[in-house]
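Student: The structure is given below, and queries will be raised subsequently.
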Amino acid sequence: MSWGTELWDQFDNLEKHTQWGIEVLEKYIKFVKERTEIEIGYAKQLRNLSKKYQTKKNSKEEEESKYTSCKAFQTTLNEMNDYAGQHEVISENMTSQITAELTRFVQELKQERKSHFHEGRKAQQHIETCWKQLEASKRRFERDCKEAERAQQYFERMDADINVTKADVEKARQQAQIRHQMSDDSKGEYSSVLQKFNREQNDHYYTHIPGIFQKLQDMEERRIGRMSDSLKTYAEIDRQVVPIIGKCLDGITKSAESINGKQDSQMVIESFKSGFEPPGDVDFEDFTQSMKRTVSDNSLTNTKADGKSDAKVPSKSRGKLWPFIKKNKGATPEDFSNLPPEQRRKKLQQKVDELNKDIQKEIDQRDALTKMKDVYTKNPQMGDAASVGQKLAEIGHNIEKLRFEVQKFEGWLAEVEGRLPVRNDNSRRQSGLYETQNTTTANNCAQDRESSPDGSYTEDQSQETEVKVTPTEFDDDFDDEEPLPTIGTCKALYPFSGENEGTISVAEGEVLNVIEEDKGDGWTRIRRNEDEEGYVPTSYIEVYLDRNAKGAMTYI
């Protein structure tokens, strides 16, 4: 079936139909564009949603993310991020494989259609021109025939009239002959034009128009085939990401199956375990014995003992019921002494690990600068080795500071680990400490109590003081003591901020008095004036001890 033979007289309808076909393709392209925009928007919203619920660094959420349920949730968020990526792939592939290619194809179709219909209009104009020529030749032949007939009739009238001269008759005869000749010429021209028109018309309807319409038919069939292929591509693009989306969903399912309630419960124990033993039984305090006493030496002795015991019970014994001690709401101590032992050990271990990482970074930077300095020394034109040397000195100073910090925290860590029960590696990583108990063992409350003869109890004075006495009370005790004597002087090599409690700030080059030398912990106690004293790192100062001063080290 061919358009050229079946639709030879439907030029206008074919023009409308082919235009409609291109509009259908353009509508499909618009549909795909809007689909890609939806996919991009959906992917963006999914990514934003995943980002919104991601664990924030250096926050409480990051610490809580160790639980299997939280890990599974984070895995789900990551999988949803990958899921969003597949929708971006759909959008990209549809844009490149469908929208872009079909847009180019539509432009080519429009140009081709325009060319074919331009050629068809030219053919129509040509046949119309031939038809007009035929009509003009026909009318001319008809006019000449009528004029020849009228001339013949006039000649016959003149010839029959006896009153007309012979010359007039001859003139009429000649005129009739001329008209007959013109009629014969018009007839011949009309016949020739008619034959030409018939040939042109035959070529037009059997050759030119069928050829043009066949091209239009081929073009339309290509358009339909291209749309068919594009729809298959549309489905295939979606089908290609289905396995990956399936893997994302499988990952979510696998993460859900990895949730372990028992393991999370164990982590709760490791996170919040204090390291203390539960308090023991509270001893019965018999306040009726004073009523039963008789006046004797023994009762007098017992009365004194009871009086001593009663004086201590209300204020001292309750201080050892550690679960009910109010926590210090002020600034967190540097040694985390406000935490239970397990938690303190955990925090100290984290601090040591962080400081070691910082030291390693400084060492790596120092090694890099050392290599750079060697290059600058061998090739001065490449840079100033002195400037690198200053930076190296600064880094060395920073490393020294960090090492003293590590030594300080490792000392506290060794202290708390030395008094805790032996535990496995996992619990060792979950260390910490409680309140201000820095130097005593956290044992059973009942073990810290000493029963008196009358059934009441007393407590160890050093442990009790560490529980009940606040930093302010310690400061008051120091104020009551006699100032320590000066055992030497020192000069500050570097500035020290002295932000932590018990330290003192110094400026570079400042000269101060030494009142207590370094006892191996890396700190020296100094005094600026009678009211201002504290500790500074020994590595920050140059000490000049007075050999004759009381308490100064004697060198042999």
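The values are calculated or read from the model by the stated rules, or taken from the named source; none is laboratory data. Owing to the predicted nature of the structure, the values given are computational and were not obtained by experimental measurement. When we count neighbours, we look across all protein chains shown, and the Cβ atoms used for this are built from the backbone with ideal geometry, even at glycine. These area figures cover heavy atoms from the full protein model, side chains too; ligands, DNA and RNA do not enter into them. Shrake-Rupley method; radii C 1.70, N 1.55, O 1.52, S 1.80 Å.
Student: Can you tally the lysine pairs in segment 6-67 where the Cα-Cα distance is under 23 Å and the two residues are eight or more apart, or on different chains?
Tutor: Lysine pairs, 8 or more places apart or on different chains, close enough: 13.
Student: Simple spin-label model, 7 Å along Cα-to-Cβ: residue 101 to residue 34 in nm?
Tutor: Between residue 101 and residue 34, the simple spin-label model gives 2.4 nm.
Student: Then there's this: Defining a contact as two alpha carbons under 8 Å apart and six or more residues distant in sequence, what relative contact order in percent does segment 118-192 show?
Tutor: That works out to 42 percent.
Student: Would you please give the FRET efficiency between residue 356 and residue 510, computed as 1/(1 + (r/R0)^6) with r the Cβ-Cβ distance and R0 = 41 Å, to the nearest 0.05? Mind showing how you got there, number by number?
Tutor: Values: r = 31 Å, r/R0 = 0.76.
Efficiency at R0 = 41 Å is approximately 0.85.
Student: Next question. Suppose the chain between residue 139 and residue 181 were pulled fully straight at 0.36 nm per residue; how much longer would it get relative to their current alpha carbon spacing?
Tutor: Values: separation 42, 0.36 × 42 = 15.12 nm, distance 1.63 nm.
Gain on extension, residue 139 to residue 181, equals 13.5 nm.
Student: Summing +1 for each Lys or Arg and -1 for each Asp or Glu, what net charge is found among the other residues whose Cβ lies under 10 Å from the Cβ of residue 219?
Tutor: -1
Student: Moving on. Between residue 78 and residue 384, what is 0.36 nm times their sequence separation minus the Cα-Cα distance? Round to one decimal in nm.
Tutor: 105.3 nm
Student: Residue 152: net charge of surrounding residues, Cβ under 12 Å, Lys/Arg +1, Asp/Glu -1, itself excluded?
Tutor: Result for the neighbourhood of residue 152: +1.
Student: May I pose another question? Can you compute the equivalent ellipsoid semi-axes for segment 188-278, i.e. the square root of 5 times each eigenvalue of the Cα gyration tensor, sorted largest first and rounded to whole Å?
Tutor: 88, 9, 4
Student: If you count, for each residue, the other Cβ atoms within 10 Å and average over each peptide, how do 333-346, 272-285 line up from highest to lowest?
Tutor: 333-346, 272-285
Student: Accessible area per residue, 1.4 Å probe, Å², for segment 193-268: what's the number?
Tutor: 62 Å²
Student: Along the charge dipole of segment 207-289, which of 213, 275, 233 sits closest to the positive end, that is, farthest toward it, with unit charges on the beta carbon of Lys, Arg, Asp and Glu (+1, +1, -1, -1)?
Tutor: My answer, from the dipole projection, is 213.
Student: Go through 35-44, 211-220 and give me the packing order, highest mean Cβ count within 10 Å leading.
Tutor: 211-220, 35-44
Student: Now for a separate question. What number comes out for the charge environment of residue 183, summing +1 per Lys or Arg and -1 per Asp or Glu over other residues with Cβ under 14 Å away? Can you show the working numbers first?
Tutor: Values: positive: 138, 139, 140, 143, 146, 150, 179, 187; negative: 142, 144, 147, 149, 184, 185, 189.
So the environment of residue 183 carries a net charge of +1.
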